[in-house]
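Written below as structure tokens is the structure these notes are about.
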Amino acid sequence: MRILVIGGTGLIGSKVVAMLEAQGHEAVPASPKTGVNTITGEGLDAAVAGADVVVDVSNSPSFEDEAVLAFFTTSTGNLLAAEKRADTGHHVALSVVGTERRPDVGYFRAKLAQERLIEESGVPFSLVHATQFFEFAHQIADAATDGGTVRMPSVLFQPIAGEEVARAVADAAVGAPLNGRAEIAGPERFRMDEFFRAALAAWGDAREVVTDQDAPYYGSVMREPDLVPVDGASLGDVTYTAWLAESGG
């Protein structure tokens, strides 16, 4: 099977490519680094031609509300149009748990717009909704830092290892189209402030985690159950403690 992976040189995409290749598939990474640009259309038709499945794990370079919306609608629109011209049989996209519950959040609104384009395209599809990745824990803590403190809300948080997200995406790519979504989350559910309190201690980081229910998460205030699956999600096996020990992350 020939599978084109948009965003295939990034964190999740490179893992997806490696997993598919290990299964004997022809996995082709595509990104501006490889001469494929889904915003301008450069190299897109040639890359999509002959692909049995197109996987999209690309992400916006900017999380500013209008910029991220423009990225996902433009990129996805161009990609789906190329797939229709090539008669591609399956489109797989990585999205985020909770998009439909918080359309007022800029990034969620952009991902929801992306999902609607896919659902209305006529191309058979599968959506993989994932919770936040372990790999971004340091970045989240840094963004929430105020002086010597890290301000975190006490909302439910269920992060997952990027490797397990990639596996779910790879499995979706070689399976039949769902024409719907599948959700995946980490094996443990925490309060966000408690997770980061333990994480900073494990990192040897002296910053104090302060509970602040109005502290923003990527610019928006989160409430229950914005960041966790409500029911029916598949759960990963890798705990944060095990991931940290393995990755040194």
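The values are calculated or read from the model by the stated rules, or taken from the named source; none is laboratory data. Every value quoted in this text rests on a predicted model; they were computed, and no experiment measured them. Cβ placement follows ideal geometry from the backbone for every residue including glycine, while neighbour counts extend to all protein chains displayed.
Pick out the one residue from Ala47, Ala27 that is farther than 16 Å from Ala172 by Cα and not charged (D, E, K, R).
Residue meeting the stated conditions: Ala47.
Scanning region 42-62 for residues that are surrounded by 15 or more Cβ atoms within 10 Å (Cβ to Cβ) and either closer than 30 Å to Gly219 by Cβ or touching a His at 6+ places or on another chain (Cβ under 6 Å) (or both) gives Val53, Val54, Val55, Asp56, Val57, Ser58, Asn59, Ser60.
A quick yes/no check of all residues on (1) outside any loop (DSSP other than H, G, I, E, B); (2) without any contact (Cβ under 8 Å) to a residue 40 or more places away in the chain; (3) in contact with an Asp or Glu (Cβ under 9 Å, 6 or more places away or on another chain):
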{"residue": "Gly8", "(1), (2), (3)": "no, no, no"}
{"residue": "Val16", "(1), (2), (3)": "yes, no, no"}
{"residue": "Gly24", "(1), (2), (3)": "no, yes, no"}
{"residue": "Ile39", "(1), (2), (3)": "no, yes, no"}
{"residue": "Glu42", "(1), (2), (3)": "no, yes, no"}
{"residue": "Val54", "(1), (2), (3)": "yes, no, yes"}
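Go through region 106-130 and give me each residue that's touching a Phe, Trp or Tyr at 6+ places or on another chain (Cβ under 9 Å) and of a type in the set (Val, Ile, Thr). Within region 106-130, Ile118 is the sole residue that qualifies. Among the conditions (1) within 15 Å of the chain's Cα centre (by Cα); (2) within 30 Å of Asp52 (Cα to Cα), the only one that Leu178 does not satisfy is (1). Within region 166-185, not a single residue is acidic (Asp, Glu), assigned to a loop (DSSP other than H, G, I, E, B) and surrounded by 14 or more Cβ atoms within 10 Å (Cβ to Cβ). The single condition among (1) without any contact (Cβ under 8 Å) to a residue 24 or more places away in the chain; (2) on the phi > 0 side of the Ramachandran plot; (3) of a type outside the set (Val, Ile, Thr) that Asp171 does not meet is (2). Kindly indicate whether Ser60 is under 30 Å from Arg191 (Cβ atoms), in a loop (DSSP other than H, G, I, E, B) and under 17 Å from the mean Cα position of the chain (by Cα). Judged against the criteria, Ser60 is a match. Somewhere in region 96-108, is a residue over 18 Å from Lys15 (Cβ atoms), modelled with pLDDT under 95 and either of a type in the set (Asp, Glu) or out of contact with any helix residue (DSSP H, G or I) (no Cβ under 9 Å at 6 or more places or on another chain) (or both)? Yes, region 96-108 contains a residue that is over 18 Å from Lys15 (Cβ atoms), modelled with pLDDT under 95 and either of a type in the set (Asp, Glu) or out of contact with any helix residue (DSSP H, G or I) (no Cβ under 9 Å at 6 or more places or on another chain) (or both).
Taking every residue in region 79-103 that is under 21 Å from Gln158 (Cβ atoms) and pairing it with any residue that is part of a strand (DSSP E or B) and at pLDDT below 95, at least 6 positions away or on another chain, yields no pair with a Cβ-Cβ distance below 6 Å. A count restricted to region 212-249 and to residues that are among the small types (Gly, Ala, Ser), part of a loop (DSSP other than H, G, I, E, B) and under 24 Å from Pro103 (Cα atoms) stands at 4. Among all residues of region 156-176, there is at least one that is among the aromatic types (Phe, Trp, Tyr) and touching a Lys or Arg at 6+ places or on another chain (Cβ under 9 Å).
Among the residues of region 97-133, those identified as surrounded by fewer than 22 Cβ atoms within 10 Å (Cβ to Cβ), hydrophobic (A, V, I, L, M, F, W, C) and within 14 Å of the chain's Cα centre (by Cα) are Leu112, Phe133.
Cβ separations smaller than 8 Å between residues 6+ apart or across chains give the following pairs from region 209-233 residues that are over 20 Å from Ile184 (Cβ atoms) to residues that are part of a strand (DSSP E or B) and polar (S, T, N, Q): Val209/Thr149; Val210/Thr149. Checked against the criterion of being in contact with a helix residue (DSSP H, G or I) (Cβ under 7 Å, 6 or more places away or on another chain) and either within 21 Å of Gly248 (Cα to Cα) or free of Cβ contacts under 8 Å to residues at least 12 places away in the same chain (or both), the candidates Gly162, Gly147 yield just one match: Gly162.
Condition check: of a type in the set (Phe, Trp, Tyr) and in a helix (DSSP H, G or I). Does Phe72 satisfy that? Yes, satisfied.
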